[in-house]
Each structure stands twice: as C-alpha cells, then as structure tokens.
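The values are calculated or read from the model by the stated rules, or taken from the named source; none is laboratory data. Fair warning: this is a prediction, and the values are worked out from it, not measured in the lab.
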Amino acid sequence: MRSRPLWFVLVLLLAAVAVDLFLDGSRLVAVGYGVLALAIAWWTSPWRGRGGPTQQEVVQTSDTDPRSDVVVYWRPGCGYCAMLKARLGGLRDRATWVNIWEDEEAAAFVRSVNDGNETVPTVVIDGIPRTNPDPGLVKERLQESAGDRSS
C-alpha cells in the first residue's frame, strides 16, 4: 500500500511537535495538540475502513446483488467521500463501497476513468462512472433501487 510510509511520517511529525510543546512547558497545549494529532492520524489511517468488497468481488456479483447498481470508490481520509457518505444518510448501506487503498484493481479502475488520477469519490451508477457526483443524484438512484426491490 503506497500510503503507509507517508502516514508514518505524518504521525511521527505530529508526535514530535506535541513532545516539543510538552518539554517547553506548554503542557495543556501539548495535550490538546496530541488529541488533535491522534484524530488526524485516525482519520488518515490507511487501515481505516478495511473489510469492504474488492473490485473482483464487485464485478462477480454485479448481476446478482441489487446493491451493485451503485458502486462508490473511496479512500480513508477523503473529505469528499465523507461528505457523500453523510449526505446519503441511511441510504449509504444500499451502495457498494470499495476502498481503493485496499484494492489495487479498484485503484486502477479509478485511474482509468479519471485521466490517470485516483480521484474519489468515483461513483458508478448503472455502469456509468461519475467523478465526485452530486450527492442528490446518488441518493435518487439508491432510492429508485430500494423501490425496485420492494415491488
């Protein structure tokens, strides 16, 4: 995974600043900074969000799983991905979420539809990839697929 070394450097830098503040006598600021550093480290962690389906599993189940109508390619620490997830609310579980940091095939797919860039969220709706689409469009499609299953 390409992001782990960068993540370790970020964590070490944040820890060094907190320790320096502590040693300079700014204990309260150091603790506050340490808490902020832990939150940033957790948010950007390459291990956050593990356990989703792989690109191969998405392709294999595309004909049998009703959730495959909407596939969201995302990565931990992406603010746009978090915003999309929040805006979808309870409908988010009706989509298939694929972490591109955990699946090289998924990352390659995202690069293939985004001029070589790993731009996320990339959402595939009915086979058509869309980069950072309007959450209303995704929500509308998820509501439609929910209606299709109930009939």
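So the values come out like this:
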{"item": "Count - residues of the range 54-87 that are within 13 Å of the chain's Cα centre (by Cα), assigned to a loop (DSSP other than H, G, I, E, B) and either at pLDDT below 85 or among the β-branched types (V, I, T) (or both)", "result": "1"}
{"item": "Residues within the range 127-145 that are part of a helix (DSSP H, G or I) and of a type outside the set (A, V, I, L, M), tallied", "result": "8"}
